[in-house]
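Report on the structure given below.
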Amino acid sequence: MSVEAVLSRISEIRSQIDTLRGGSAAATSTSSSAGSTSASSSAFADALATATGTTGTGTATAAAGAAAAARSAPATSVDAGAGTLATGSGATGSDVVADAKKYLGVPYVFGGTTTAGMDCSGLVQTVFKDLGVTMPRVVPDQAKMGVEVGSLKDAQPGDLIIPKGEGHVVIYVGDGKVLHAPRPGKDVRIVDNWYSDADIATIRRIVPAQASATTATTATTAASSATDLQTAALLSMMQSGSAA
């Protein structure tokens, strides 16, 4: 759960508490309703500040923390680049293969980039565009993107294989098979890879082969912390209400 989502959830909880407190007080008098609503909002803010170990207005402090977290987040890119992986979209090699399979059966059309027809590099560009990654249009430029994979034995699903002469590009799907748009009269298909290492100019990995374990752990930890924060704030409010 992102910081923005946590703040949004906290805001929703505050609104629900305000509504419940206000509705209960309205049954006795309008003035006590206003006081109860104000008190509940203040109590939640104080509880949130206590839970986070900060002082001052709870919402302002939380917003400042969210802004600081955003500033400290590492920069990512959704543009393919030479010598680097495009990590900004969150796509992996498996996503590349899954998206490319949507185009099976599309006829080969030189220069095409749509389901009406596409060529080999048009297919590659379209697949990565679907995943939020910007790729060049033609094979020689695509052959410079991402990081180089040493040999076929190291290839992972989603890697691009470009033969010598850079006149074609195929997407490796795993198990010795590739997906590509072959030539006029053919359609996008999956076939056995016919290239050997001696035939290949380069193998390029544009996005990570798989999701980072660190990223997954961080996301889980953040979600857990957000839940703990909300729980602590609400418990603090309940305890304050009981004491009163």
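The values are calculated or read from the model by the stated rules, or taken from the named source; none is laboratory data. Just so it is clear, the model here is predicted, and its values are computed rather than measured. The protein model used for the area step is the full one, side chains on, heavy atoms only, and it has no ligands, DNA or RNA in it. Shrake-Rupley method; radii C 1.70, N 1.55, O 1.52, S 1.80 Å.
Structure notes:
- Pick from the range 80-125, criterion in a strand (DSSP E or B) and of a type in the set (Gly, Ala, Ser), ranking: most open to solvent (accessible area, probe 1.4 Å): ALA82
- Here SER121 does not qualify as among the polar types (S, T, N, Q) and within 15 Å of ASP197 (Cα to Cα).
- Screening LYS186 with (1) open to solvent by 50 Å² or more (accessible area, probe 1.4 Å); (2) within 24 Å of the chain's Cα centre (by Cα) gives one miss only, at (2).
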